[in-house]
Amino acid sequence: MKLIHKISLTLGTLGLVCLLAGCSQGQSEDKSIETIKAKKTLVLGTSADYAPFEFPIIKNGQKEFAGYDILVAKELAKSLGVSLKVDNIEFSSLISELQNKKCDVVLAGLTPTPQRKKVISFSQNYCTYNFKNVLLVQKKDANRYNTAASLANQSVGVQQSTTQEDIANKQLKASHIIPESLVTGLATELSHGKLAGIVVENTIANDYLKLHPGQYAIAKVPLKTPAEGNTFAVGVRKQDRALLKKINQKLTEMKKSGKLEQLLKQALETQAKYSK
Ligand code: ARG
């Protein structure tokens, strides 16, 4: 009895030691923060076709990227003591570019869907309100598309690889769902009448309504937004656990202090200023 007791005690201690060693080894393998500090830069992957979250501006003759996601990323870079570099990548390539280490983080109005969570990690949400999805149409068609069936024989545009593409495919009876790489391109095609409508998040739709008065309208066709689809979060590589932890700490701090709301306001002001 005594011997058995001794053996199990020893095994237990051994197990604990291994567990501790294993844990600390796992942690020390994660050099995500050190790597960023060594290159003195946090590389942000984004798709700058998404005002007020990310959009290009010309400032003092130079092209720059502005918007809420850029401002939040700047704060994250600051908290790591490094500067921010923006890499403007097509939305559909963002996740693979993150996995291929072309960028360190993705902030692109990126929704943390269950499928994406299988391949990358997500921070807590940093969106200060919930989204809905809507069909943006030309003003003259404001009362034309009230049901999914009313879109039969029509073409509806969506940004490729987005949650909107999924929603349009599942919920609209349009005969053609047309995926394209840029939201800005979709809006142009809508204004030229090449598309009957485009599925976008309501913040983006409201932005087009505000900036182009009299040109667009939100159709009455009801669209359901899945619960996980109404927000966005920072995407990081699965293995970059230390970086993820740091980002979550900073986001919590910015939520508590009201900084996130202030940054969204600032992004809207910048957009108003540069879209004149
Ligand atoms: N929230 C949607 C998604 O994650 C659309 C995001 C589009 N973002 C952009 N920068 N174009 O699929």
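State whether the residues of region 66-81 include one that is free of Cβ contacts under 8 Å to residues at least 24 places away in the same chain, assigned to a strand (DSSP E or B), more than 12 Å from the ligand (Cβ to nearest atom) and not aliphatic (A, V, I, L, M).
no
Test Val199 against the criterion of being aliphatic (A, V, I, L, M), closer than 22 Å to Phe55 by Cα and within 11 Å of the ligand (Cβ to nearest atom), and give yes or no.
yes
Checking Val105 against (1) more than 12 Å from Val234 (Cβ to Cβ); (2) more than 13 Å from the ligand (Cβ to nearest atom); (3) of a type in the set (A, V, I, L, M, F, W, C), which single condition isn't satisfied?
That leaves (1) as the condition not met.
Please go through (1) surrounded by 14 or more Cβ atoms within 10 Å (Cβ to Cβ); (2) over 30 Å from Val82 (Cβ atoms) for Thr147 and return the number of the only condition it doesn't satisfy.
Failed condition: (1).
Consider only pairs whose beta carbons are under 6 Å apart and that are at least six residues apart or on different chains; among these, list those whose first residue lies in region 177-189 and is of a type in the set (Asp, Glu) and whose second residue is assigned to a helix (DSSP H, G or I) and buried (at least 16 other Cβ atoms within 10 Å of the Cβ).
Pairs found: Glu180/Leu186.
Could you tell me which numbered condition Ser191 fails, if it satisfies all but one of (1) at pLDDT 95 or above; (2) within 15 Å of the ligand (Cβ to nearest atom)?
In the conditions (1) at pLDDT 95 or above; (2) within 15 Å of the ligand (Cβ to nearest atom), Ser191 misses (2) alone.
Within region 253-274, is there a residue that is β-branched (Val, Ile, Thr), closer than 24 Å to Gly157 by Cα and in contact (Cβ under 8 Å) with a residue 12 or more places away in the chain?
Checked against the condition, which is being β-branched (Val, Ile, Thr), closer than 24 Å to Gly157 by Cα and in contact (Cβ under 8 Å) with a residue 12 or more places away in the chain, region 253-274 yields no hits at all.
Filter region 42-62 down to residues that are over 23 Å from Asn100 (Cβ atoms) and among the β-branched types (Val, Ile, Thr) and give me whichever is nearest to the ligand (Cβ to nearest atom).
Taking the candidates together, the pick is Ile57.
If you check Leu94 against the conditions, is it in contact (Cβ under 8 Å) with a residue 40 or more places away in the chain, in a helix (DSSP H, G or I), within 14 Å of the chain's Cα centre (by Cα) and more than 12 Å from the ligand (Cβ to nearest atom)?
Considered against the rule, which asks whether it is in contact (Cβ under 8 Å) with a residue 40 or more places away in the chain, in a helix (DSSP H, G or I), within 14 Å of the chain's Cα centre (by Cα) and more than 12 Å from the ligand (Cβ to nearest atom), Leu94 comes out as no.
Scan region 97-118 residue by residue and report those that are of a type outside the set (Asp, Glu), free of Cβ contacts under 8 Å to residues at least 60 places away in the same chain and under 18 Å from Ile36 (Cα atoms).
Once the filter is applied, which keeps residues that are of a type outside the set (Asp, Glu), free of Cβ contacts under 8 Å to residues at least 60 places away in the same chain and under 18 Å from Ile36 (Cα atoms), region 97-118 yields Asn100, Lys102.
Within the set of pairs 6+ apart or on separate chains, which have a first residue in region 142-169 that is among the aromatic types (Phe, Trp, Tyr), a second that is part of a loop (DSSP other than H, G, I, E, B) and more than 16 Å from the ligand (Cβ to nearest atom), and C-beta atoms under 6 Å apart?
Tyr145/Ala219; Tyr145/Val221
The values are calculated or read from the model by the stated rules, or taken from the named source; none is laboratory data. None of the values given here were measured: they were computed from a predicted structure. Cβ sites come from the backbone with ideal geometry, for glycine too, and all protein chains shown count toward neighbours.
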